[in-house]
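For reference, the structure discussed in these notes is given below.
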Amino acid sequence: MIADTAVFRDPRLFRCPRRYWFIEDIWLCYVAGYLCGYDLFRSPADFEFESAQDEHALYRTVGRAKWAFHRHLIRRGWDPAGP
């Protein structure tokens, strides 16, 4: 990740809803992109997920919470696809 450090000085970054504190990646995208107005870009690198067989894969425990948080932020006006 490459980011302007101003995002980390913005007090809104520290106002993540308590129930979602552990989902910092989505919150940081929301704050940087939606609240601070930065353009966010995805890496052009292709990734293959091998974790389908991994019983300790993080997505198994936080996947539903990430989707719920994502929907919560969209209801607050965020369009993750950008302008």
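Charged neighbours of TYR30, selected by a Cβ distance under 13 Å, balance to +2 (K, R count +1; D, E count -1).
3J(HN,Hα) along the range 62-75, derived from phi through the Karplus expression 6.51 cos²θ - 1.76 cosθ + 1.60 where θ = phi - 60°, amounts to 10, x, 5, 5, 4, 5, 5, 5, 4, 5, 4, 5, 5, 4 Hz, with x in place of Gly and Pro. Rounded to the nearest 0.05, the FRET efficiency derived from the C-beta distance between MET1 and ARG75 at R0 = 22 Å is 0.25.
List the trypsin sites (Lys or Arg not before Pro) within the range 1-78 that fall in a DSSP loop (any state other than H, G, I, E or B) and whose Cβ has at most 15 other Cβ atoms within 10 Å.
Here the trypsin sites (Lys or Arg not before Pro) that fit, given the DSSP loop and packing criteria, are ARG15, ARG42, ARG76.
According to the Cα-based calculation, Rg over Rh for the range 6-75 is 1.02, with Rh computed by the Kirkwood formula.
Any read-out appearing in this document is the output of simple, stated calculations on the displayed coordinates, not a laboratory observation. Every value quoted in this text rests on a predicted model; they were computed, and no experiment measured them. Using ideal geometry, Cβ is built from the backbone for each residue, glycine included, and neighbour counts are taken over all protein chains shown.
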